[in-house]
C-alpha cells in the first residue's frame, strides 16, 4: 500500500464499512494515546532508511517483525538521512 494512501486513511474520515476500517481504527487508537505525532508523507528520496526497510519487508512473510538491532545494510543510510534537508511536496 502506498504511504500517501496510509496518511490519507489516518488523517481523513473513513466509513465503518471500509475494508480496512478495523486496521485504521486500531492505528487511530494508538495515535490518540499520549504521543506527539506528526502525520505527513515523506518522499522516498528524502528518507533512504524507510525506503530500504520497506524494500526489505517485501521479502518477509506477513506479520509483525520486531528486530532487536537494525539490519547492517541500513547503517550507512542512517548517516545519509541525517544529512538530507527535508523537502515536503504539497
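The values are calculated or read from the model by the stated rules, or taken from the named source; none is laboratory data. Here the structure is a predicted model, which is why all the values come from computation and not from measurement. Backbone-built Cβ (ideal geometry, glycine too); neighbour counts: all protein chains shown.
Residues of the stretch 47-75 being over 19 Å from residue 3 (Cα atoms) and either under 14 Å from the mean Cα position of the chain (by Cα) or surrounded by 10 or more Cβ atoms within 10 Å (Cβ to Cβ) (or both), which ones?
Within the stretch 47-75, 70, 71, 73, 74, 75 meet the criteria.
Within the stretch 32-41, can one find any residue that is at pLDDT 80 or above and assigned to a helix (DSSP H, G or I)?
no
Examine the stretch 6-29 for a residue that is out of contact with any strand residue (DSSP E or B) (no Cβ under 7 Å at 6 or more places or on another chain) and at pLDDT below 75, and state whether such a residue exists.
Within the stretch 6-29 (the criterion being out of contact with any strand residue (DSSP E or B) (no Cβ under 7 Å at 6 or more places or on another chain) and at pLDDT below 75), the answer is no, since none of the residues qualifies.
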